[in-house]
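The structure under discussion appears below in the form of structure tokens.
The values are calculated or read from the model by the stated rules, or taken from the named source; none is laboratory data. As the structure is a prediction and not an experimental result, all values here were calculated from the model. Don't worry about glycine lacking a Cβ; one is built from the backbone with ideal geometry, like all the others, and counts go over all protein chains shown.
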Amino acid sequence: MLATVGGKTLPLTMVMFKQFGNPFHHEPHTCLTTLAQLLAAKSKVDSTDIEAFFHEVQHFRLNGVYEPFWRNYLLACPSWFLTVEFLHHLHRMFWDHNIKWCINVIGTAEIDFCFSILQPIVGFQHYRRILSAIGKS
């Protein structure tokens, strides 16, 4: 999501899930490529029309974020800073420490309620009332 790529798409290269087994070396998914694709989508449809914009960026396998936080940072390229090892570390840090700490502090009922009222994002996992059970495992 941080790299603004859609589901089943690799944030490091221009490959999608149908091409994961190819021996071909795909070009990197650079920030300039992503920003150019967003600009092309914005030139065709209004970015405030969420459905039309989302449909347009899907042609580029993007997720619909029209202004990534890293767009104005010099040398900020998601394919450089969102490595697999770093993403794995963040995932394990959340599940091994943060979620268990939050469950202990506010309780299972409250954390389940907080996550149940979050607006679901199409294409991403949404936990309703099972987050506390997952956090204990």
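Here are the numbers for the structure shown:
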quantity	calculated
Conditions (1) assigned to a loop (DSSP other than H, G, I, E, B); (2) within 20 Å of the chain's Cα centre (by Cα): number failed by residue 24	(2)
Subset of region 45-82 [hydrophobic (A, V, I, L, M, F, W, C) and not in a loop (DSSP other than H, G, I, E, B)]	50, 52, 53, 54, 57, 60, 62, 80, 81
Residue match in region 107-115 (condition: modelled with pLDDT under 80 and not assigned by TED's automatic domain parsing to the domain that holds residue 3)	yes
Test result for residue 98, more than 16 Å from the chain's Cα centre (by Cα), part of a helix (DSSP H, G or I) and not acidic (Asp, Glu)	yes
Condition broken by residue 42, with the remaining ones in (1) closer than 25 Å to residue 13 by Cα; (2) at pLDDT below 90; (3) among the basic types (Lys, Arg) satisfied	(2)
Matching residues in region 40-58 - criterion: being closer than 17 Å to residue 6 by Cα, out of contact with any Asp or Glu (no Cβ under 9 Å at 6 or more places or on another chain) and not charged (D, E, K, R)	50, 54, 55, 57, 58
Filtered residues of region 1-21 (kept if within 20 Å of residue 90 (Cα to Cα) and in a loop (DSSP other than H, G, I, E, B))	1, 2, 3, 4, 6, 7, 8, 10, 11, 12
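Here is a yes/no grid of residues against (1) assigned by TED's automatic domain parsing to the domain that holds residue 18; (2) touching a helix residue (DSSP H, G or I) at 6+ places or on another chain (Cβ under 8 Å); (3) not aliphatic (A, V, I, L, M):
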{"site": "55", "(1), (2), (3)": "yes, no, yes"}
{"site": "61", "(1), (2), (3)": "yes, no, yes"}
{"site": "64", "(1), (2), (3)": "yes, yes, yes"}
{"site": "71", "(1), (2), (3)": "yes, yes, yes"}
{"site": "74", "(1), (2), (3)": "yes, no, no"}
{"site": "78", "(1), (2), (3)": "yes, yes, yes"}
{"site": "91", "(1), (2), (3)": "no, no, yes"}
{"site": "99", "(1), (2), (3)": "no, yes, no"}
